[in-house]
Amino acid sequence: MVSKLEELKRLENAAAVFQNEFWRDFYRSLSDGLTRRSLVKLSTVVFCVALVVAPRADAADRLNLVIALHLTQSVAVKGTDQKQEFQKNVDAVTRLLANAPAGARITVLGITDRSFSQPSILLAAELSDDASYFGERFQAARSRLVIVFRKRASSLAPIAPKTDILGALLTASQLFQASSGCKHVLVVFSDMRSDTPALDLEHARFVSTSFAMKQAEKERLLPDLHGVEVYALGVDGAGKDMRYWQALRDFWAVYFKRTGAILKTYSVLRDPPDLGP
């Protein structure tokens, strides 16, 4: 009798128990489903934000590189290795291009006797930052860049009669202004001896910084290079003494500071700078 009463009670409560278990399982499933969907949606949002934000961050760090290559007779001199200073500069530019980072915008311009009035753009290229998994695509693009420059350089010769360095700097400033939001770097391969009617440093026995700066200001030869990192490399002292070389360096240090640039290196050597972010 007790057993029958227990069975009868269980059957009477079965409907209520089933209903409670059903709604419990329903809300648990609903909650679990929402949690999973929410996580998927959140992951999707984070991924989309990363796609949008990451390129912008890369763009802010993207390199705008301008290389100025001396093409006048003053670098036609040969060193003890019987190699022209001009050829050493060309080789240094090649090494620099071979190490250019992904996403870099690169312009190689010539320093001639008419660097500003008739700019000589030797190379203009932009490396993609969309590298393949193992980087083959980027490496291939950089290799093509080097090949193109070597082919272009094979027809160059240091024959310009005068050296318009300030004109090249004015041209470079316009290239930088055309690309805002980048890291601007100027690498100059030159003896840095300006030889123009406006400013002749080539034929002076000694460079007076104060006099040369007054000339530059008078002729309005002070471009806007604010924030630009400058590397003056291959500044040879052929035919000049140490006193002249140091005075010339002092002038350019003051000059670049006046333009707002950051002179990182001024050297007879040609070690390529680190162009990474």
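The values are calculated or read from the model by the stated rules, or taken from the named source; none is laboratory data. Here the structure is a predicted model, which is why all the values come from computation and not from measurement. All Cβ positions, glycine included, derive from the backbone under ideal geometry; neighbour counts span all protein chains shown. Protein only, heavy atoms only, side chains kept; ligands, DNA and RNA dropped before computing areas. Shrake-Rupley method; radii C 1.70, N 1.55, O 1.52, S 1.80 Å.
For ARG193, are the conditions met, namely being basic (Lys, Arg), more than 17 Å from the chain's Cα centre (by Cα) and either within 20 Å of LYS218 (Cα to Cα) or open to solvent by less than 50 Å² (accessible area, probe 1.4 Å) (or both)? Before the answer, list the steps.
On the way: basic (Lys, Arg): yes; more than 17 Å from the chain's Cα centre (by Cα): yes; either within 20 Å of LYS218 (Cα to Cα) or open to solvent by less than 50 Å² (accessible area, probe 1.4 Å) (or both): yes.
The answer is yes for ARG193.
Suppose we filter segment 128-177 for residues that are in contact with a Gly (Cβ under 6 Å, 6 or more places away or on another chain) and open to solvent by less than 20 Å² (accessible area, probe 1.4 Å); how many remain? I'd like the intermediate steps shown before the answer.
Taking segment 128-177 first, the residues in contact with a Gly (Cβ under 6 Å, 6 or more places away or on another chain) are 129.
Applying the additional criterion that residues be open to solvent by less than 20 Å² (accessible area, probe 1.4 Å) yields none.
Result for segment 128-177: 0.
Could you tell me whether ALA261 is of a type in the set (Gly, Ala, Ser), surrounded by 15 or more Cβ atoms within 10 Å (Cβ to Cβ) and more than 18 Å from VAL75 (Cβ to Cβ)?
On the way: of a type in the set (Gly, Ala, Ser): yes; surrounded by 15 or more Cβ atoms within 10 Å (Cβ to Cβ): yes; more than 18 Å from VAL75 (Cβ to Cβ): yes.
It is true that ALA261 is of a type in the set (Gly, Ala, Ser), surrounded by 15 or more Cβ atoms within 10 Å (Cβ to Cβ) and more than 18 Å from VAL75 (Cβ to Cβ).
Of the conditions (1) part of a loop (DSSP other than H, G, I, E, B); (2) modelled with pLDDT of 95 or more; (3) out of contact with any strand residue (DSSP E or B) (no Cβ under 8 Å at 6 or more places or on another chain), ALA247 fails just one. Which one is it?
Evaluating ALA247 over (1) part of a loop (DSSP other than H, G, I, E, B); (2) modelled with pLDDT of 95 or more; (3) out of contact with any strand residue (DSSP E or B) (no Cβ under 8 Å at 6 or more places or on another chain) leaves (1) as the failure.
Return a yes/no flag: does segment 167-185 have any residue that is assigned to a loop (DSSP other than H, G, I, E, B), of a type outside the set (A, V, I, L, M) and more than 22 Å from the chain's Cα centre (by Cα). I'd like the intermediate steps shown before the answer.
Initially, segment 167-185 is screened for residues assigned to a loop (DSSP other than H, G, I, E, B), giving 178-182.
Narrowing further to those that are of a type outside the set (A, V, I, L, M): 179-182.
Narrowing further to those that are more than 22 Å from the chain's Cα centre (by Cα): none.
No, segment 167-185 has no match at all.
Inside segment 264-276, can you point out the residues that are over 21 Å from GLY79 (Cα atoms) and at pLDDT 95 or above? Break it down stepwise before answering.
First pass over segment 264-276, keeping only residues over 21 Å from GLY79 (Cα atoms): 264-265, 273-276.
LYS264, THR265, listed by residue number.
Could you say which residue among GLY110, GLY103 is crowded, with 16+ Cβ neighbours inside 10 Å, without any contact (Cβ under 8 Å) to a residue 60 or more places away in the chain, part of a loop (DSSP other than H, G, I, E, B) and not β-branched (Val, Ile, Thr)? Walk me through it before giving the result.
Details: GLY110 fails: part of a loop (DSSP other than H, G, I, E, B).
The match here is GLY103.
Filter segment 203-234 down to the residues that are assigned to a loop (DSSP other than H, G, I, E, B), open to solvent by less than 40 Å² (accessible area, probe 1.4 Å) and at pLDDT 95 or above, then identify the one that is nearest to ARG249 (Cα to Cα). Write out each step before concluding.
The initial filter retains those residues of segment 203-234 that are assigned to a loop (DSSP other than H, G, I, E, B), namely 203-208, 219-228, 234.
After this cut, where a residue has to be open to solvent by less than 40 Å² (accessible area, probe 1.4 Å) as well, the list is 204, 207, 221, 223, 225, 228, 234.
After this cut, where a residue has to be at pLDDT 95 or above as well, the list is 207, 221, 223, 225, 228, 234.
Details: VAL207: 9, LEU221: 18, PRO223: 18, LEU225: 18, VAL228: 18, GLY234: 12 Å.
Looking at residues that are assigned to a loop (DSSP other than H, G, I, E, B), open to solvent by less than 40 Å² (accessible area, probe 1.4 Å) and at pLDDT 95 or above, I get VAL207.
Would you call PRO272 more than 30 Å from LYS83 (Cβ to Cβ), in contact with a Leu (Cβ under 9 Å, 6 or more places away or on another chain) and part of a loop (DSSP other than H, G, I, E, B)? Give the derivation first.
Values: more than 30 Å from LYS83 (Cβ to Cβ): no; in contact with a Leu (Cβ under 9 Å, 6 or more places away or on another chain): yes; part of a loop (DSSP other than H, G, I, E, B): yes.
Answer is no for this residue.
Yes or no: segment 240-248 includes at least one residue that is open to solvent by less than 70 Å² (accessible area, probe 1.4 Å) and within 23 Å of the chain's Cα centre (by Cα).
Within segment 240-248, not a single residue is open to solvent by less than 70 Å² (accessible area, probe 1.4 Å) and within 23 Å of the chain's Cα centre (by Cα).
Does segment 80-100 hold any residues that are assigned to a loop (DSSP other than H, G, I, E, B), open to solvent by 20 Å² or more (accessible area, probe 1.4 Å) and not charged (D, E, K, R), and which are they? Spell out the reasoning first.
Of all residues in segment 80-100, those assigned to a loop (DSSP other than H, G, I, E, B) come to 80-83, 99-100.
Subset that is open to solvent by 20 Å² or more (accessible area, probe 1.4 Å): 80-83, 99.
Residues satisfying the conditions are THR80, GLN82, ASN99.
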